[in-house]
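Report on the following structure.
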Amino acid sequence: MKVVALDDVKGTEHDVDGGNWVSRRLILKQDDMGYSVHDTLIKAGTETHIWYQNHLEAVYCIEGEGEVVTIKDNKVWPIRKDMLYALDEHDEHLLRARTDMRMICVFNPPITGKEVHDENGVYPVLEEVESK
Ligand code: 9YT
């Protein structure tokens, strides 16, 4: 069995600053669970363009509020504490944080950590339209 404390991840290579967000990776591919689990803070007032073409992601909001806009239909999905959204169709979307948002994110297949430094794999277009 394994126990991971957020405090043990903070300040390590698994504590990743993505600009609009900070992601603490609690479980990664190398943990052999078949998924990765991240505690992610989305900064208030940011808009992030995300399109995980190679991953499925479920995102459970445990603090704050904002919205997701799915690009294909321009639909706005309000998200607040105690709500989960699942990108079950690799949905290209905009994530807008009205307040700071704290999200528990699960990725299948799991993130290795490498994708973070080479965003072309997981976040192919993130840099083009990162924030407003
Ligand atoms: C909610 C979301 O996808 N934010 C971007 C960061 C990502 N969750 C990550 O790498 O932890």
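Backbone geometry of the range 35-52 corresponds, through the Karplus equation with coefficients 6.51, -1.76 and 1.60 at θ = phi - 60°, to 3J(HN,Hα) couplings of 8, 10, 10, 10, 9, 10, 9, 9, 7, 3, x, 8, 10, 10, 8, 10, 8, 7 Hz, x marking Gly and Pro. The calculated FRET efficiency for residue 1 paired with residue 86, based on their beta-carbon distance and R0 = 30 Å, is about 0.65. Couplings 3J(HN,Hα) for the range 73-87, derived from phi with the Karplus relation 6.51 cos²θ - 1.76 cosθ + 1.60 (θ = phi - 60°), are 10, 6, 7, 9, 10, x, 10, 9, 2, 6, 10, 10, 10, 10, 8 Hz, where x marks Gly and Pro. Taking a ≥ b ≥ c as the square roots of the eigenvalues of the Cα gyration tensor, an a/c ratio of 1.5 or more together with a/b no larger than b/c marks the range 12-108 as oblate.
Calculated mean residue ellipticity, 222 nm, the chain: -1500 deg cm²/dmol, from DSSP H runs (n ≥ 4) at -39500 (n - 2.57) each, averaged per residue and rounded to 500.
All of the numbers you see were taken from the coordinates with simple rules; none came from a lab. Quick caveat: nothing in here was measured; it's all calculated off a predicted structure. Note that each Cβ is placed from the backbone with ideal geometry, even for glycine, and that neighbours are counted across all protein chains shown.
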